[in-house]
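Here is the structure we will look at, set down as structure tokens.
The values are calculated or read from the model by the stated rules, or taken from the named source; none is laboratory data. This is a predicted model, so every value here is computed, not measured. Neighbour counts are summed over all protein chains in view; Cβ atoms, including those assigned to glycine, are modelled from backbone coordinates with ideal geometry. Heads up: the accessible areas ignore ligands, DNA and RNA and are worked out on the full protein's heavy atoms, side chains in. Shrake-Rupley method; radii C 1.70, N 1.55, O 1.52, S 1.80 Å.
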Amino acid sequence: MELEKRDRVTGRTTTGHEWNGIEELETPIPRVVFFFLGATVLFSLICWVLYPTWPLGSTFTKGVTGFDQRNLVTEQVAKADAERASAWAGKVETMSFAEIEADPALMQPVKEAGRTLFVDNCAVCHGVSATGGPGFPNLTSKSWLWGGEPEAIEETIKVGINSTNDDTRVSQMMAFGRDGVLAPEQISNVVTYVRSLSGAEGDAAKIEAGKEVFAANCVACHGDNAKGSHDVGAPDLTDHFWIYGGDVNSVYTSVYSGRQGHMPHWDARLSPLQVKLLTVYVHTLDGAPQ
Amino acid sequence: MVSQLTTSERQYALVTLLLLGLGGLAMAAMGRGDPIAVHGYIVLLFAIGLSFVVMAGYYAPEPDKDRLSRYYDDPTRVGIVLSIAWAVVGMFVGVWVAALLAWPDLTFDQAWASFGRLRPVHTSGVIFGFGGNALIATSFHVLQRTTRARLPGQFAPWFVLLGYNLFCVVAASGYLIGVTQSKEYAEPEWYADIWLVLVWVTYFLIYLRTLARRKEPHIYVANWYYMAFILVVAMLHIVNNIAVPISWSSAKSYSVYSGVQDAMVQWWYGHNAVAFFLTAGFLGMMYYYLPKRAGRPIFSYRLSIISFWGITFFYMWAGSHHLHYTALPQWVQTLGMTFSIMLLVPSWASAGNALATLNGAWHKVRDDATLRFMMVAAVFYGLSTFEGSFMAIRPVNSLSHYTDWTVGHVHAGALGWVAMITFGSIYALVPWMWKREAMYSSRLIEVHFWLALSGTIVYVFAMWNSGIIQGLMWRTYNESGSLTYSFIDSLVAMHPYYIARAFGGLLFLLGAIVAAYNVWMTIRQSKLEAAQGKEDADIPLFARDAVQAGE
Ligand code: HEM
């Protein structure tokens with residue numbers, strides 16, 4: 001046995017072992033450690049009695065409360081839905097679009113819920129204030145591809161555009177240049193013409209030549225006056241709103257390589273009520289960014 | 001350094017490198033067009049590069065027999081330098097990903113610079129690169145000093161250290177080119193995992209063999225922690241990474257687990273990685289360098305024992321607290337929650353034991369930034385284990401989960417505990433290793449200390465704020481029963497905090513750079529003045545007469 005060593009500061013003895021100068025004191029474990037251990041063990045025991053805890057082969061101890069997170073969530077969601085239904089959502093489900101929009105008291109919750117739904121699901125493409133961006137249409141423009149009636153909007157949201165839904169809306173702007181339908185010269189002309197429709201300056205001869213190209217190739221979808229067609233989702237080319245950009249290069253690319261925008265379908269992800277809320281929200285967007 | 005190896009060890013090294021190089025060549029040849037080929041070339045280059053180093057010293061005279069009466073510290077020295085280098089790289093990438101969250105356009109349209117690829121470079125860089133190298137380096141040092149035995153051979157420690165760093169390089173480069181198993185902290189693919197198993201088993205054998213040769217009757221507590229770290233990490237790594245590669249020439253593999261079992265195995269792994277890599281290993285570090293530096297005996301031997309077994313036992317059950325309110329059966333969640341609560345007691349016992357050890361040395365804590373690093377580390381260890389137990393309570397977790405609160409919690413531990421204890425230990429160890437009285441500049445240690453502390457505080461407070469705001473925004477309903485805020489609204493609210501976090505992280509990174517400079521200058525000085533080097537203060541391998549108390 002080595003001589004008992006005592007630490008000067010604490011007056012405690014050491015264990016007598018030493019490792020490269022490190023020693024350890026014989027301090028007993030402070031009482032509070034046992035106290036807290038007891039307290040946490042007690043807390044755990046209570047939880048084990050109350051809640052499902054221990055596995056027993058293919059089942060487990062259910063706990064005296066019979067508490068189950070899945071049931072709890074189901075109940076809470078059902079309750080919240082019921083409350084919303086009786087407060088206002090029920091009306092939205094049964095009333096027509098016109099009736100809903102005519103009811104300011106109802107429009108308040110509809111717009112609130114609609115905005116959150118829109119920003120969570122649609123803003124990645126259409127932007128937080130629905131004004132779109134390159135490749136994604138501005139939904140506040142009132143220049144609709146598929147029509148501005150609530151029914152048309154609702155349909156678009158449900159089935160999508162060029163989506164995987166069986167009933168999807170199909171939108172196809174052909175690749176006139178890449179597929180060799182038009183010569184580069186003709187494309188250049190028709191681009192000048194198309195741009196002139198919304199006020200861009202251009203060589204008069206080219207515009208004249210482009211007009212002919214347009215009449216021969218484009219009116220089937222974009223219409224005689226280039227105002228677009230809601231039947232095939234062809235945009236109005238006379239206004240200031242462009243999906244893909246109105247500069248020469250962008251318009252040239254649209255005509256040369258074609259365009260095929262993709263908008264997912266939401267009937268499988270959102271409930272009919274949610275789609276309806278979004279429809280009203282989009283339909284009543286008031287042009288100006290929020 | 002090669003000249004310290006015996007001829008047969010030099011030959012071992014060359015044969016191993018040859019095999020490794022052939023392995024790399026095979027990967028490169030078979031995996032044409034697959035990312036595994038890139039890794040093949042990296043392995044090959046690594047093997048060739050090291051072969052040159054070995055060959056350059058191959059014909060040096062045999063080392064003298066004298067060396068067997070000294071500790072073998074070369075791997076520790078290299079490990080320290082590697083650790084610091086990884087610290088700077090890993091934290092730099094940390095600041096980068098922090099900036100990406102505030103300014104998402106900083107990717108320059110490069111796939112490799114996207115958040116998803118850089119983030120694991122950060123986590124692996126700091127945890128495995130910085131933390132892991134520090135653990136290997138200090139464990140070799142502590143092991144020899146506290147057993148009074150020299151490492152059994154000179155080849156195996158190098159195999160462990162350099163093999164481990166090869167793993168880190170393969171891991172980090174893989175993330176950049178899109179190679180990942182998408183399991184957090186276990187991202188590297190199957191071939192890197194297999195390599196790590198070889199390295200790790202060797203590491204464990206070194207530990208066991210040295211302990212078997214010890215000349216001290218008892219095993220010091222630091223070694224229990226280091227051993228728990230090595231053993232459990234091996235176990236976690238193997239179980240979580242069992243996967244089937246889609247072919248021998250492809251980097252891609254599929255885990256044998258699926259669905260909720262996969263999630264549970266992953267978080268059993270993930271949480272115990274925190275427990276045994278980021279906690280047990282660093283507790284081992286603390287139990288040696290803190291009492292050494294303070295010149296004080298450990299406060300209570302018994303407390304060390306019960307907290308060791310408490311931590312080892314309770315942590316194993318706690319992983320499911322990462323999966324509250326998920327498809328994981330609720331009984332597993334209750335178990336995880338309650339064991340996380342009980343875990344607080346041994347955690348605080350360890351922190352308390354460390355702080356009480358400083359009784360009688362508080363004046364040193366005031367004057368010596370190195371010791372202050374370790375003291376603050378123990379405080380942050382206590383704080384973040386308290387926070388962790390609190391966050392494991394299901395209702396609390398329903399607010400904190402998926403928010404920045406978690407990230408704040410992680411970094412209270414990572415910056416406050418892991419990094420601080422490591423820097424403290426490195427500052428203590430470097431002068432011993434390079435036979436200097438002290439570090440090159442104690443003022444720079446002081447500067448580093450304040451940079452690190454303020455960086456940590458800014459980081460953690462920013463994340464607490466943003467996390468709690470986020471959690472509340474996600475659960476706020478308006479009167480009509482709809483969610484008031486969209487997810488994007490919460491992102492907009494986070495923006496200022498993300499900037500603050502990036503700033504806090506920058507301070508911390510600056511501190512690490514200061515440390516790198518200080519260590520570098522210490523090493524340079526030591527080389528310049530090698531002749532007047534200070535003698536080893538350690539108790540020598542063989543003689544037991546010259547026992548000094550304290551230092
Ligand atoms: C320069 C200082 C550092 C900065 C700026 C930084 C920044 C970050 C960022 C931005 C993330 C991603 C958070 C997210 O996904 O929202 C992260 C994650 C992480 N960092 Fe750091 N970090 C730093 C230092 C460290 C250190 C020293 C460690 C460990 C020793 C560490 C360990 C981790 C871990 C484990 C995660 C994953 C957290 C989780 O999944 O919840 N970091 N860090």
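Apart from one condition, B:GLU479 fits all of (1) farther than 21 Å from B:ALA99 by Cβ; (2) assigned to a helix (DSSP H, G or I); (3) within 14 Å of chain A (Cβ to nearest Cβ); the exception is (2).
Answer yes or no: is there a residue in the range A:226-242 that is closer than 17 Å to A:GLY147 by Cβ and within 21 Å of the chain's Cα centre (by Cα). No, that holds for no residue. With respect to (1) in contact (Cβ under 8 Å) with a residue 12 or more places away in the chain; (2) within 7 Å of chain B (Cβ to nearest Cβ); (3) open to solvent by 60 Å² or more (accessible area, probe 1.4 Å), the lone exception for A:THR27 is condition (3). The single condition from (1) part of a helix (DSSP H, G or I); (2) without any contact (Cβ under 8 Å) to a residue 40 or more places away in the chain that B:ALA414 fails is (2).
Only one entry in B:LEU161, B:LEU176 is open to solvent by 10 Å² or more (accessible area, probe 1.4 Å) and closer than 24 Å to B:MET91 by Cβ, namely B:LEU176. In the range B:450-474, the residue that is nearest to the ligand (Cβ to nearest atom) out of those that are under 20 Å from B:ARG366 (Cα atoms) and open to solvent by 20 Å² or more (accessible area, probe 1.4 Å) is B:LEU451.
The number of residues in the range A:1-24 being touching a strand residue (DSSP E or B) at 6+ places or on another chain (Cβ under 8 Å), outside any strand (DSSP E or B) and open to solvent by less than 30 Å² (accessible area, probe 1.4 Å) comes to 1. If you check A:VAL73, A:VAL92 for being among the aliphatic types (A, V, I, L, M), over 26 Å from B:GLY310 (Cβ atoms), touching a residue at least 12 places away in the same chain (Cβ under 8 Å) and more than 8 Å from chain B (Cβ to nearest Cβ), only one passes: A:VAL92.
Of the set (1) assigned to a helix (DSSP H, G or I); (2) without any contact (Cβ under 8 Å) to a residue 24 or more places away in the chain, all apply to B:TYR254 but (1).
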